[in-house]
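Peer 1: The structure follows.
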Amino acid sequence: MNQPIRILIVDDHPLLQEGIVMVVEHEPDMQVVGSAATGRESIALCERLQPNLVLMDLRLPDISGIDAMIAIRAKWPTVKVILLTTFAGDAEVNRALKAGAAGYLLKTMPRKQIVESIRQIHAGRRRIDPGVAANLAEHMGLETLSQREVEILKQVAEGNRNKEIAHQFALSEETIKSHMKNILEKLGASDRTQAVSIAVRRGIMQL
């Protein structure tokens with residue numbers, strides 16, 4: 001008889017964590033070996049419990065799910081990590097997949113699809129939620145914001161004007177205006193408020 005898939009569940013919301021545990025434990029070929037509420041706890045439990053697969057939330061209270069995944073895969077490269085989250089922004093999906101995520105699933109997926117995805121990923125396939133994949137395809141090839149542009153947009157989100165942002169980064173106000181023009185063009189935004197909204201929705205930055 002094949003050994004069950006050993007699964008570690010990482011989510012900082014107790015009710016959601018319990019719900020995911022219940023979904024997985026109903027499957028005869030799966031075993032929940034542990035659960036964690038933070039990224040650092042998930043890394044420690046991987047060492048102690050040696051799971052085959054980790055179901056990881058994206059947003060955690062200490063480090064991001066992506067950072068936790070990178071640390072886990074650096075130590076245990078055979079462990080497959082699935083991001084199971086409510087966030088479908090293409091920028092976050094791209095970061096997760098480039099960092100080695102074996103799957104990117106949404107918590108809104110039907111239970112049957114989640115467990116079938118776990119089986120497929122354990123067997124060596126990569127699985128992305130269809131809606132997430134469509135969003136990814138829609139933005140594929142678009143020019144991304146530079147790190148400096150993201151930093152400037154975060155300042156905009158905090159309500160700072162160009163003059164204040166220029167002072168913050170020791171740049172001229174004209175340079176900030178030029179950056180803002182590029183940001184609006186890259187995001188297809190008509191104004192600063194819309195640029196912030198698009199960037200948050202796509203996972204380019206968090207507020």
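Values quoted throughout were computed directly from the atomic coordinates according to the rules given, and no laboratory measurement underlies them. For clarity, every value in this text was computed on a predicted model and none was experimentally measured. For neighbour counting, all protein chains shown are included, and Cβ atoms are generated from backbone atoms with ideal geometry for every residue, glycine included.
Peer 1: Starting from the Cα of Lys181, draw a straight line to each of the aspartates and glutamates and keep only those under 16 Å, dropping any in the same chain fewer than 8 residues away.
Peer 2: Those aspartates and glutamates meeting the cut-off are Glu143, Glu149, Glu151, Glu173, Asp191.
Peer 1: Let me ask another. By how many degrees, 0 to 90 and rounded to 10, does the Cα axis of helix 14-25 deviate from the longest principal axis of the chain?
Peer 2: In the chain, helix 14-25 runs at an angle near 40 degrees to the longest axis.
Peer 1: Among the lysines, which fall within straight-line cross-link reach of Lys186, defined as a Cα-Cα distance under 18 Å, with same-chain neighbours fewer than 8 residues apart omitted?
Peer 2: Partners within reach: Lys154, Lys177.
Peer 1: Among the lysines, which fall within straight-line cross-link reach of Lys80, defined as a Cα-Cα distance under 25 Å, with same-chain neighbours fewer than 8 residues apart omitted?
Peer 2: Cα-Cα hits under 25 Å: Lys98, Lys107, Lys112.
Peer 1: Which of the GluC sites (Glu not before Pro) found in region 79-169 are loop residues per DSSP with 16 or fewer other Cβ atoms within 10 Å of their Cβ?
Peer 2: Sites meeting the loop and neighbour criteria: Glu143, Glu158.
Peer 1: Please sort 65-75, 168-178, 186-196 by packing, taking for each peptide the average over its residues of neighbouring beta carbons within 10 angstrom, highest first.
Peer 2: Final packing ranking: 65-75, 186-196, 168-178.
Peer 1: Another question, if that's okay. May I ask you to compute the full-extension gain from Thr78 to Ser197, defined as 0.36 nm times their residue separation minus their alpha-carbon distance, rounded to one decimal in nm?
Peer 2: Net length gain for the segment: 39.1 nm.
Peer 1: Right, here's the next one. Run the simple label-point estimate for Phe169 and Asp29 please: 7 Å along Cα→C-beta, distance reported in nm.
Peer 2: For Phe169 paired with Asp29, the spin-label model returns 5.1 nm.
Peer 1: Which part of region 68-89 falls in the paramagnetic zone of Leu49, meaning amide N under 20 Å from the point 7 Å along Cα-to-beta-carbon?
Peer 2: The answer is 68-86, whose backbone nitrogens lie closer than 20 Å to the label point.
Peer 1: Taking Cα atoms, how many degrees apart are the long axis of helix 192-201 and the longest axis of the chain, rounded to 10 and kept between 0 and 90?
Peer 2: It is inclined by approximately 10 degrees.
Peer 1: Shifting gears a bit: Please compute the Cα-Cα pair-distance distribution of the chain with 5 Å bins starting at 0, giving whole percents from short to long.
Peer 2: Answer for the chain: a P(r) of 1, 7, 15, 17, 16, 13, 10, 8, 6, 4, 2, 1, 0, 0 percent.
Peer 1: What are the semi-axes of the equivalent ellipsoid for region 147-201, taken as the square roots of 5 times the Cα gyration tensor eigenvalues, largest first, in whole Å?
Peer 2: 17, 11, 9
Peer 1: Given R₀ = 22 Å, FRET efficiency for Leu207-Lys177 by Cβ-Cβ distance, to 0.05?
Peer 2: Step by step, r from the Cβ atoms, then E = 0.45.
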